[in-house]
Amino acid sequence: RLVHLDLKGAAPRAQYLEQVLPLLHGLGATGLLLEYEDTFPYTGPLGVLQAPHAYSPTELRALLSQARAQGLDVVPLLPFPLQFVLKHKEFAHLREVKALPNALNPHKEESLALVKAMIDQVMALHEDLQWFHIGCDEVYYLGEGEESKQWLQQQDNTPEKLCLSHIKAVATCLASSYPTVTPIVWDDMLRGMSEETLAGSGVPQLVQPMIWDYAADIDVEGKVQLIEKYHRCGFSKVWFASAFKGATGVNQSLTLIGHHLRNQLEWLQVASRSPADVLEGITLTGWQRYDHFSVLCELLPVAIPSLAVCLQALKNGGYSEKVKENVEKLLGMSNLEIDTYMSTSLGTFPGSNILTLVTQVSFYLKSSVDELLERNRYVTGWFSPYHRKRKIIHPIIMHHFQPDAVSLLSKWSAVVQDLQAAMEQVFHRCAIEEWMEENVHPSLQKLQQVVDDLDEA
């Protein structure tokens, strides 16, 4: 049971992750899938890939050593296709389609040299790895570059073969230098391929596919057939991938636990109907962005109750009152809600204060400001945009809503200040800035503006 930490947005500080590891172990995790992206301390020509808040080699070694001490296997994930690499001008010449940083040109020798250099640097910081995830999902635009178009005109060449040869090249690159490490790939590019194409490609002998589906109503029968198909093609083992957050809305700020719990229960059904010796494990994904360029979805501390419920359900083979009580005990929570967003969500787990404050903001900030500015008749009738622009107001009207506006602004400013302080313990400035600009500033600035306009009027 691997917990996926997606570090391509709002990457937590190393000390926060160290506080969370014992909790993950206690909840039933047996490993971590670490998607570093730009938080890995690349050096040399790859140094340009590092974000300003990347982990230092010392921080990373300490974190990996603590994971080992907690009995957690670590599986690094390098997300080929490499959007976070191909966006840089230094690597733009390796794009499959010149204008888009979505896929690597598979025909250039330099592309493979880049892959190898990245794998080598990640491997150098990790010890005793059993698996290495090489991504290969949603490889859009592969086959649309000029060299690919020429390649595809040759007899018997197809987009499927191009994709498989690319996966094979990356997997071989890993296997040739690290023969004891097994590559894992996301399976979405493989699902629609025929058994004949897959079996003839040599890929099944090199990698283990990770079948992902984050829905609350998986097609269980379809999944069982897919597993059997993969087995017949020669894949020795398969993985499942469920989700505990980051799969229900691109700019979602709160996690609806019920959706993710149902997703795990569906995967348990798939597991119970699959051949016993074929399943290697399951990864609980926790996406932090839908891709490198999208906004942040639920922050890790906000989704810890969901992760706890999901892990415990998988560990216990289902969800019951007893499992719920155990989760509440481990999180220090007294009122775990599954099918609604938790309106009061105090707990004692690391970052629980962030969940409490994010919940307040998500539930009430926008609605309270809209209530005042769009549904209060004194504002809409006597201090409309027309009045505000000309700074006109009848003095008596001010008494009807100015105290409310000032009081609301002062209340929300205090909440936001608390949230900012709580987030600083866990996140770097860039993540806090982004979350605030997306979720807080639009409403708070509207409110501030109306208070300022009132003063001037």
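Side notes on the structure shown:
- Only one of the listed residues (V122, V85, V75) is modelled with pLDDT of 95 or more, among the β-branched types (V, I, T) and farther than 24 Å from T283 by Cα. That residue is V85.
- Residue check for F132: out of contact with any Phe, Trp or Tyr (no Cβ under 7 Å at 6 or more places or on another chain), surrounded by 13 or more Cβ atoms within 10 Å (Cβ to Cβ), assigned to a strand (DSSP E or B) and touching a residue at least 40 places away in the same chain (Cβ under 8 Å): yes
- Condition broken by R388, with the remaining ones in (1) surrounded by fewer than 12 Cβ atoms within 10 Å (Cβ to Cβ); (2) touching a residue at least 40 places away in the same chain (Cβ under 8 Å); (3) more than 30 Å from V20 (Cα to Cα) satisfied: (1)
- Only one of E110, E138 that is touching a residue at least 12 places away in the same chain (Cβ under 8 Å), over 22 Å from the mean Cα position of the chain (by Cα) and open to solvent by 60 Å² or more (accessible area, probe 1.4 Å): E110
- Qualifying residue in the range 424-434 (condition: touching a Lys or Arg at 6+ places or on another chain (Cβ under 9 Å), surrounded by 15 or more Cβ atoms within 10 Å (Cβ to Cβ) and either polar (S, T, N, Q) or assigned to a helix (DSSP H, G or I) (or both)): yes
- Helices (runs of 4 or more DSSP H) (entirely within the range 295-377) containing at least 2 residues that are within 25 Å of the chain's Cα centre (by Cα): 300-316, 321-331, 352-360
- Test: residue in the range 147-159 that is assigned to a helix (DSSP H, G or I), in contact (Cβ under 8 Å) with a residue 12 or more places away in the chain and under 20 Å from P204 (Cβ atoms): yes
The values are calculated or read from the model by the stated rules, or taken from the named source; none is laboratory data. The shown structure was predicted, so the numbers you read here are calculated from the model rather than taken from an experiment. As a convention, Cβ positions derive from the backbone with ideal geometry for all residues, glycine included, and neighbour counts pool all protein chains shown. Each accessible area value is taken on the protein alone, full model and side chains, heavy atoms only, with ligands, DNA and RNA left out. Shrake-Rupley method; radii C 1.70, N 1.55, O 1.52, S 1.80 Å.
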